[in-house]
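Asker: A single structure is presented below for examination.
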Amino acid sequence: MKRKGIFYVISAPSGAGKTSICRMILTLFPNLRQSISYTTRGMRSGERDGIDYHFVTRELFAKMVADSAFAEWAEVHGNRYGTACATLEQAIEEGADVLLDIDFQGAEQLRNSSLNGVFIFILPPGMDELRKRLVSRNTDDQKVIARRMDNAAGEIAEAVNFDYLVVNDILDNAVEKVRAIMVAETLRTKRIISTQLKEFGLK
Ligand code: 5GP
């Protein structure tokens, strides 16, 4: 009997390095897939519909909300983002693990649901380093950086509600820590009890 899939929620303030960590983690676990969210945000250059996101109109998004099609959804920086119930449920039933790169509001909704996920928060090494990273990205103007720094303080306060905290000081070390969390989670007794332990006549 195959075990059920596990879903991992990774949240972080922008500039903490979440995207790089998720990208590297996805290469380490063949049974892990990325959850593709729905969003009302416009497509950026290089992005592809159905691969980076499902890009939808505000009307379609609102209809999906009304139809309870989302396991969680939130407004982030003026756009809406959501994880479809179908995406999560299908993977879990198939025994595939799922990585969700979502904001803390979405993480909170999933934590309060009946779904049993693993919640990981990525922290920058400190506020000075976070500012440096946002400035060195060179993509945002001063006002945007100031707003992101303000938002970051509020987002970091949410870290206490997560199962695990990983400080991203050196990228490879942070990836190794997330990998270790994921390996340990697959070995939790509650997840293996109905599969391997049956071999030994235990329930
Ligand atoms: P971006 O527009 O830069 O791709 O993403 C902006 C933010 O939206 C990121 O913090 C990302 O984690 C978050 N996000 C992406 N997909 C979802 C989702 O399905 N639900 C929630 N709650 N947040 C999401």
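The values are calculated or read from the model by the stated rules, or taken from the named source; none is laboratory data. Here the structure is a predicted model, which means the values were calculated and not measured. Backbone-built Cβ (ideal geometry, glycine too); neighbour counts: all protein chains shown. All accessible areas refer to the heavy atoms of the entire protein, side chains included, with ligands and DNA or RNA removed. Shrake-Rupley method; radii C 1.70, N 1.55, O 1.52, S 1.80 Å.
Asker: Looking at the stretch 54-92, which of the residues that are under 12 Å from T40 (Cβ atoms) and of a type in the set (A, V, I, L, M) is least open to solvent (accessible area, probe 1.4 Å)?
Answerer: A74
Asker: Is one or more of the residues making up the stretch 34-51 in contact (Cβ under 8 Å) with a residue 40 or more places away in the chain, in a loop (DSSP other than H, G, I, E, B) and more than 8 Å from the ligand (Cβ to nearest atom)?
Answerer: Initially, the stretch 34-51 is screened for residues in contact (Cβ under 8 Å) with a residue 40 or more places away in the chain, giving 34-41.
Narrowing further to those that are in a loop (DSSP other than H, G, I, E, B): 35-37, 40-41.
The next check asks that each one be more than 8 Å from the ligand (Cβ to nearest atom); those that pass are 36, 40.
Checked against the condition, which is being in contact (Cβ under 8 Å) with a residue 40 or more places away in the chain, in a loop (DSSP other than H, G, I, E, B) and more than 8 Å from the ligand (Cβ to nearest atom), the stretch 34-51 yields at least one hit.
Asker: If a residue has to be in a helix (DSSP H, G or I), open to solvent by 10 Å² or more (accessible area, probe 1.4 Å) and hydrophobic (A, V, I, L, M, F, W, C) to count, how many in the stretch 93-136 make the cut?
Answerer: Of the stretch 93-136, the ones in a helix (DSSP H, G or I) are 93-94, 104-111, 127-136.
Filter once more, so that each one left must be open to solvent by 10 Å² or more (accessible area, probe 1.4 Å): 93-94, 104-105, 108-109, 111, 127-129, 131-133, 135-136.
Now restrict to residues that are hydrophobic (A, V, I, L, M, F, W, C): 104, 127, 135.
Selection size over the stretch 93-136: 3.
Asker: Quick one: A69 ticks every box in (1) without any contact (Cβ under 8 Å) to a residue 60 or more places away in the chain; (2) near the ligand (Cβ under 10 Å from one of its atoms); (3) touching a helix residue (DSSP H, G or I) at 6+ places or on another chain (Cβ under 7 Å) except a single one, so which number is it?
Answerer: (2) is the only condition that A69 fails.
Asker: Among the numbered criteria (1) among the acidic types (D, E); (2) at pLDDT below 95; (3) under 13 Å from S14 (Cα atoms), which one does D101 miss?
Answerer: Answer for D101: the failing condition is (2).
Asker: For the stretch 74-91, which positions are touching a strand residue (DSSP E or B) at 6+ places or on another chain (Cβ under 7 Å), more than 8 Å from the ligand (Cβ to nearest atom) and among the hydrophobic types (A, V, I, L, M, F, W, C)? Step through it out loud before you land on a result.
Answerer: First, pick out the residues of the stretch 74-91 that are touching a strand residue (DSSP E or B) at 6+ places or on another chain (Cβ under 7 Å): 74, 79-85, 88, 91.
Within this subset, residues satisfying the condition of being more than 8 Å from the ligand (Cβ to nearest atom) are 80, 84-85, 88, 91.
Answer for the stretch 74-91, where residues must be touching a strand residue (DSSP E or B) at 6+ places or on another chain (Cβ under 7 Å), more than 8 Å from the ligand (Cβ to nearest atom) and among the hydrophobic types (A, V, I, L, M, F, W, C): A84, C85, L88, A91.
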